[in-house]
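Below is one structure, written out as structure tokens, with a few remarks after it.
The values are calculated or read from the model by the stated rules, or taken from the named source; none is laboratory data. The structure displayed is predicted, hence computed values, not measured ones. Glycine gets a Cβ as well: all are built from the backbone with ideal geometry, and neighbour counts include every protein chain shown.
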Amino acid sequence: MNGAVTIDTDALVNRVDKNRRHLARWAQREGLEAYRLYDRDMPEFPLAIDRYADWLHVQVFERRRPLTDPDLAAIRGALATGLDVPEPQVVIKLRLRQRGKSQYERLDDDAPSFTVAERGLRFEVNLRRYLDTGLFLDHRDTRQWVREHAAGRNFLNLFAYTGSFSVYAAAGGARRTVTVDMSHTYQAWTRRNLVHNAFDDPARHSLVQADVLAFLDRMRQTGARFDLVVLDPPSFSNSKRMRDTFDVQRDHVELLRRTTALLARDGELLFSNNRKGFRLDPAVSELADVEEITAQTVPQDFRRHAPHRCWRLRGD
């Protein structure tokens, strides 16, 4: 079977093209250049396929009988032909179960970056350099929620990655944004995203490279308060820059305790994570009023497989 293609790529292309025709008008109306075209629709193709402008990002999920290299080559060629995308711009990645910082390791240092439009804003993405692209598409509606609630408020973005929530808060008229992440690489990426959208004002939009837990402790000591907070932590982290490992199931109550302590009167906190099987500890209800809003934050193109869960916490 070496070198043999064992799959029907025509069936995959037909399904993806059907989805594309269904979604294209919606995406144009919403001003989206990046959206999901296919999400494990057929069991023989355990893929998630996202369109980023003129590129395709294909993630292959683990399964007992994995797709072979010839299968993947056939998929790349078929998608390129069927969706009229240059074959080098069909990027295929194996989405293995990640532990710690492996999802942030570099894959191709020379890979080009480009920007995509999303609801009147622009975000830099890179499909080949890391496992993740720089923009989590499943949080598109969560970002819109932030823009609609940010006017005149002090906004805090924790575990910020490339700062897309901060850009949306700035677009919504936030009085100030503070963006916190340990990575210098992603803080520089956040700055570029702010520049792409004409929000490059360090006095108003500050970036803090720090361990989130240490930052929260410092802010509590200074008496700082924020009106709107986004907390979207990783499922697990063992970064060398952190004092301890972090596990969102094990540690979320303490993390939320420290974060809600920074909420201003009538402040709001969005807490989200994508840990499969995550259970919110009932003790969280002792910290603030809690409402799950996942139904409002999962976009149309991600509803086949819920990618995250999201809660709104409101202070006194």
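Points to keep in mind about this one:
- Among the residues of the range 200-250, those that are part of a helix (DSSP H, G or I) and not aliphatic (A, V, I, L, M) comprise Phe215, Asp217, Arg218, Arg220, Gln221, Thr222, Gln249, Arg250.
- Considering (1) without any contact (Cβ under 8 Å) to a residue 12 or more places away in the chain; (2) over 19 Å from the mean Cα position of the chain (by Cα), the lone condition that Arg314 does not fulfil carries the number (1).
- Pairing each residue of the range 86-98 that is closer than 15 Å to Val125 by Cα and among the aliphatic types (A, V, I, L, M) with any residue that is assigned to a helix (DSSP H, G or I) and at pLDDT 95 or above, provided the two are 6+ apart or on different chains, yields C-beta distances under 7 Å for Val90/Arg76; Val90/Leu79; Val90/Ala80.
Listed here are the residues, each with its yes/no results for (1) free of Cβ contacts under 8 Å to residues at least 40 places away in the same chain; (2) more than 15 Å from the chain's Cα centre (by Cα); (3) buried (at least 23 other Cβ atoms within 10 Å of the Cβ); (4) part of a helix (DSSP H, G or I).
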| residue | (1), (2), (3), (4) |
| --- | --- |
| Arg147 | yes, yes, no, yes |
| Ala151 | yes, yes, no, no |
| Leu156 | no, yes, yes, no |
| Phe165 | no, no, yes, yes |
| Ala170 | yes, yes, yes, yes |
| Ala174 | no, yes, yes, no |
| Val178 | no, yes, no, no |
| Ala188 | yes, yes, no, yes |
| Arg191 | yes, yes, no, yes |
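- Residue within the range 66-75 that is outside the structural domain of Pro234 (by TED's automatic domain parsing), in a loop (DSSP other than H, G, I, E, B) and modelled with pLDDT of 95 or more present: no
- Residue within the range 212-226 that is surrounded by fewer than 17 Cβ atoms within 10 Å (Cβ to Cβ), within 16 Å of Phe159 (Cα to Cα) and not basic (Lys, Arg) present: yes
- Residue within the range 269-280 that is assigned to a helix (DSSP H, G or I) and either buried (at least 18 other Cβ atoms within 10 Å of the Cβ) or among the hydroxyl-bearing types (Ser, Thr, Tyr) (or both) present: no
- The strands (runs of 3 or more DSSP E) located wholly in the range 4-62 that include 3 or more residues which are closer than 16 Å to Arg140 by Cβ and touching a His at 6+ places or on another chain (Cβ under 9 Å) occupy 47-52.
- Residue in the range 30-46 that is surrounded by fewer than 17 Cβ atoms within 10 Å (Cβ to Cβ) and over 25 Å from the mean Cα position of the chain (by Cα) present: yes
- Checked against (1) under 17 Å from Asp301 (Cα atoms); (2) buried (at least 16 other Cβ atoms within 10 Å of the Cβ); (3) touching a Pro at 6+ places or on another chain (Cβ under 7 Å), Arg51 passes all but condition (3).
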